[in-house]
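The values are calculated or read from the model by the stated rules, or taken from the named source; none is laboratory data. Just so we're clear, the structure is a prediction, and the values are computed from it rather than from any experiment. Positions of Cβ are backbone-derived with ideal geometry, glycine not excepted, and every protein chain shown enters the neighbour counts.
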């Protein structure tokens with residue numbers, strides 16, 4: 001899958017330089033952590049047939065066994081995305097969703113406000129604009145049929161869809177990104193709508209959230225008639 005080439009780290013002012021001893025110790029610790037994390041991810045990838053982003057798997061979308069299964073997965077995602085842009089199917093969120101899809105200054109102000117990105121040690125996967133840029137490219141290329149030369153190219157296959165859905169669960173939908181964005185782009189809303197496509201159009205949802213969340217709450221509050 002082609003990754004968004006425009007998603008690059010925001011420029012930052014240099015921090016104070018630690019002592020040589022502290023720098024060496026920090027580099028050594030960071031190297032050990034990176035090797036440990038990579039080792040875990042490698043072991044996880046070898047034991048699963050799904051997309052592995054980090055040490056967590058939220059939805060476990062397995063690799064399709066046939067071309068027909070892959071086409072069904074991709075077409076299901078595109079069908080859901082088309083419905084999100086429809087007044088009949090998504091009138092409640094259509095205006096803010098379309099605005100957030102069409103506009104982004106790529107200033108990375110949202111990254112500075114995101115607690116997930118900060119706590120991850122500024123891992124690029126957790127930038128709000130990272131996952132948003134992926135769905136924007138899909139939207140412009142496959143829904144609006146705009147030339148990739150304008151908004152960037154991306155290949156749409158099962159891995160693209162699986163990575164995007166998995167990435168949508170690396171967001172806690174706190175919407176601090178929307179509060180700080182100078183033009184009002186709501187990247188958290190995009191994450192929420194990606195989850196909506198997965199759950200409502202494709203039947204893909206984290207088992208724990210579904211059984212211990214939605215179903216449990218519905219069973220408590222929805223009473224049968226009579």
Leading residue by the ranking (farthest from residue 186 (Cα to Cα)) among those in the stretch 102-139 that are under 14 Å from the mean Cα position of the chain (by Cα) and not in a helix (DSSP H, G or I) = 123
Mind checking whether some residue in the stretch 206-215 is at pLDDT below 90 and either in contact with a helix residue (DSSP H, G or I) (Cβ under 6 Å, 6 or more places away or on another chain) or part of a loop (DSSP other than H, G, I, E, B) (or both)?
-> yes
Does residue 68 count as touching a helix residue (DSSP H, G or I) at 6+ places or on another chain (Cβ under 8 Å) and either assigned to a helix (DSSP H, G or I) or modelled with pLDDT under 95 (or both)?
-> no
Out of curiosity, is residue 97 crowded, with 16+ Cβ neighbours inside 10 Å and either modelled with pLDDT of 95 or more or farther than 19 Å from residue 53 by Cβ (or both)?
-> yes
Top-ranked residue of the stretch 172-190 - restricted to ones that are in contact (Cβ under 8 Å) with a residue 24 or more places away in the chain and farther than 19 Å from residue 107 by Cα, ranked as farthest from the chain's Cα centre (by Cα) | 174
